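These notes are about the structure you will find just below.
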Amino acid sequence: MSGFFYNLGRQIGKNAVPTLRKTKWIWQGLSGDELEVLAAEESLGRTMARELRAISAGSNDAVLASELNAICQRLSACVRDNRRTFSCEILVGAEPSVTGLPGGYLFLTESMVDWCERQPEELAFLLGHEMAHIVRGHTWDRIINDAALKVVAAVSMRAGQLGSWFRREGAELLRNAHTRDQEFQADAFGARLAAAAGYESNGAVSLLERVGRHLTEGVDPGVYFASHPPLPERIARLRKVISAGSPRA
Ligand SMILES: [Zn+2]
C-alpha cells in the first residue's frame, strides 16, 4: 500500500531514531506519572513533526493557515484535558490526508482541504477525529505496546534494529491504521468536539457523503479514507451520535 503519509513515514523513521535512542523512555517502561507520559508523548511528536516538515513542502497559503489554526484552537479549547495543546499545519500534497502525531501535532494536505470544500464544519470534524486518536492514546499505545519493539529493547539497543522497527511502525502510525473500534470512537469524539466548539453538526456526515459520491463516480479518495471503516457504517453511526446530542468530548 502506498500513500502520502505512508511514504513520508518511511523517511521519518530513519531520521527520528537518534532522538528515540537519546530519550530512552520507550524501553524504560514509562513508569512515571501522567505528566511524564505527556512529556514523553510531546517529545516523540515534536521529533516526528520536525522530520515531517523537513521532508515535505509546507503550504504558502497564509489565509488558509490562519483559518485552520482558528478551527484547531476552537476545538482545542473544548478538549477536557487542558494540559494538552494542539497545532495544525498544512502540507502541499495531491492526496487527501490528515494525520495526528503524539503531542498534538496535526498535519493535513491542501488536497484534503479541497475535499472538504473548505467548509469549517467539515474541517472541524476531521481535525477533531485526529485529536481523538491523540487524546485517547490510540497511536501512543501502539508505540509503547509494540511486541516487536519490546524484543528489540530487551536484547539490544542498537540503532539499526530499533530503526527497522521504527521505520515499520512509523509508517503504520502515519497511515492511520487504527482498529475499527478506535475509528468509531474517534468519529464520535470528533463530531461531539466540533459541536461543542460551535460548528454545525452536519459537517461529519456531509463530508463522508461527498467522499461516497466521488467513490461511486470512480474518483479514488486515496489511502486515508480507505484505511478507515466503510463510509455507510461511519455515516450511520455518526447520525446516531449527532441525534443523541453532544456531551462534552
Ligand atoms: Zn482515524
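The values are calculated or read from the model by the stated rules, or taken from the named source; none is laboratory data. This structure is a prediction, so every number in the text was calculated from the model and none was measured. Here Cβ is always computed from backbone atoms with ideal geometry, including for glycine, and neighbour counts include all displayed protein chains. Just the protein is used for accessible areas: all its heavy atoms, side chains included, with ligands, DNA and RNA removed. Shrake-Rupley method; radii C 1.70, N 1.55, O 1.52, S 1.80 Å.
Structure summary
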{"quantity": "Residue, surrounded by the most Cβ atoms within 10 Å (Cβ to Cβ), within segment 57-101, restricted to residues that are over 13 Å from the mean Cα position of the chain (by Cα), within 21 Å of GLU42 (Cβ to Cβ) and of a type in the set (D, E, K, R)", "calculated": "ARG84"}
{"quantity": "Counted residues, segment 204-244 - those being open to solvent by 30 Å² or more (accessible area, probe 1.4 Å), outside any helix (DSSP H, G or I) and farther than 15 Å from GLU183 by Cα", "calculated": "5"}
{"quantity": "Test: residue in segment 84-93 that is of a type in the set (D, E, K, R) and within 20 Å of HIS178 (Cβ to Cβ)", "calculated": "yes"}
{"quantity": "Qualifying residue in segment 102-113 (condition: closer than 29 Å to LEU215 by Cβ and either at pLDDT below 60 or open to solvent by 40 Å² or more (accessible area, probe 1.4 Å) (or both))", "calculated": "yes"}
{"quantity": "All positions within segment 29-87 that are over 21 Å from LEU108 (Cα atoms) and either in contact with a Leu (Cβ under 7 Å, 6 or more places away or on another chain) or among the aromatic types (Phe, Trp, Tyr) (or both)", "calculated": "VAL37, ALA40, ARG83"}
